[in-house]
1. Once label points are set 7 Å from the Cα along Cα→Cβ at both Ser57 and Asp72, what is their separation, rounded to one decimal in nm?
2. If we count every other residue with Cβ under 12 angstrom of Thr77's Cβ, Lys/Arg +1 and Asp/Glu -1, where does the sum land?
3. Taking Cα pairs under 8 Å and at least six residues apart, what relative contact order does the chain come out at, in percent?
4. Please quote Rg/Rh for segment 1-52 to two decimal places, taking the Kirkwood radius as Rh and restricting both calculations to Cα atoms.
5. Any idea what % of Cα-Cα pairs in the chain are farther than 23 Å?
Amino acid sequence: QVQLVESGGGLVQPGGSLRLSCAASGNIFSIRVMGWYRQAPGKERELVATITSGGSSDYADSVKGRFTISGDNAKKTVSLQMNSLKPEDTAVYYCNAKRITSNYWGQGTQVTVSS
């Protein structure tokens, strides 16, 4: 089992920055990919960014150049640095972890971008 807990969400003005963190516990050594997804009311959950155990990362086109994903195996965390935030970034952000046959989710943290 893998447990994921997100933190760092909140209210920020357009153009501002926010850093999300995800603390993982359990069988973390078998995790191959971790990432961040987001879901706005009435919309489907969408990929934001992923990072592999080897350190390679991938981003949705909508956040490239603005968001940075990072991981720390020793501290059992994955983070998402969000810069130049836009109102369209408003959503509940979820931490995700993938094993060969398992998929785990955190409870989500709200990010609201508004003036």
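1. About 1.5 nm, to one decimal.
2. +1
3. Numbers: 279 pairs, mean separation 42.9, N = 115.
Computed value for the chain: 37 percent relative contact order.
4. Over the Cα atoms of segment 1-52, Rg/Rh equals 1.02.
5. Tail of P(r) above 23 Å: 23 percent of Cα pairs.
Readers should treat all values here as calculations from the given coordinates under stated rules, not as data from a laboratory. Computed from a predicted model, the values in this text were never measured in an experiment. Don't worry about glycine lacking a Cβ; one is built from the backbone with ideal geometry, like all the others, and counts go over all protein chains shown.
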